[in-house]
Amino acid sequence: MRSLAISALCGAALCACGEEPAAPPASALASALTEHVRLRDDARIVLERWCGQCHISAYDSALPRALAVFDLSEPEWSARMSTTQLEDARGRVRDRRGPEGDLPITDDEIAIVERYVAHEIERRAVSD
Ligand code: HEC
């Protein structure tokens, strides 16, 4: 049993650390994905605070027309947005502009949304 387990481990180790130069792209892909998820979810937290009232489907205050544009409950919350809508969202946050008046959005929160929108626009350009 033990030797079987050890040889299985060795096999796995060989696979992971083999001399094939094919390993780096896989890990680069994994870290790009991690980065995407981090930026996306950081922006989600900011938008949940300021836009969630209408753009989170679980809330009674959610508005169907707002959800049709984006729903922060969806993991890839910006996937259904056009790039123009994404830039529009960034502009509203940057200008601290809510549909019902000014919002005290912080500089850090603006930077978080800026980072995600820039990343997402670049990602779309690459995958086009
Ligand atoms: C009080 C409700 C409410 C809040 C709060 C709200 N929105 Fe919306 N939002 C809507 C509605 C309703 C629509 C759909 C408007 C339409 O169809 O004309 C919409 C549409 C949008 C659109 C698409 C506009 C277009 O022309 O395609 C963007 C972008 C957007 N919202 C961003 C935001 C951002 C960013 C915040 C937070 C800073 C926010 N919204 C907060 C109700 C809201």
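Just so you know, all these numbers are worked out from the coordinates, no wet-lab data involved. Just so it is clear, the model here is predicted, and its values are computed rather than measured. All Cβ positions, glycine included, derive from the backbone under ideal geometry; neighbour counts span all protein chains shown.
Here are a few things to note about the model shown:
- Amide H contacts of Arg97: Leu103, each under 5 Å away and 5 or more positions distant or on a separate chain (H built 1.01 Å from N in the peptide plane; Pro and chain starts excluded).
- Counted charge near Asp108, where neighbours are those whose Cβ lies closer than 14 Å (Asp, Glu -1; Lys, Arg +1): 0
- Other residues whose C-beta falls under 12 angstrom from the C-beta of Ser78 contribute a net charge of -1, scoring Lys and Arg +1 and Asp and Glu -1.
- Placing a label point 7 Å from the Cα of Ile110 along the Cα-to-Cβ direction, the residues of region 63-104 with a backbone N closer than 14 Å are 90-98, 102-104.
- Global geometry of region 68-128, whether rounded, prolate or oblate, following the gyration tensor of its Cα atoms and the 1.5 cut on a/c: prolate
- Those residues of region 70-102 whose amide nitrogen sits under 20 Å from the label point placed on Glu35, 7 Å along Cα→Cβ: 76-79
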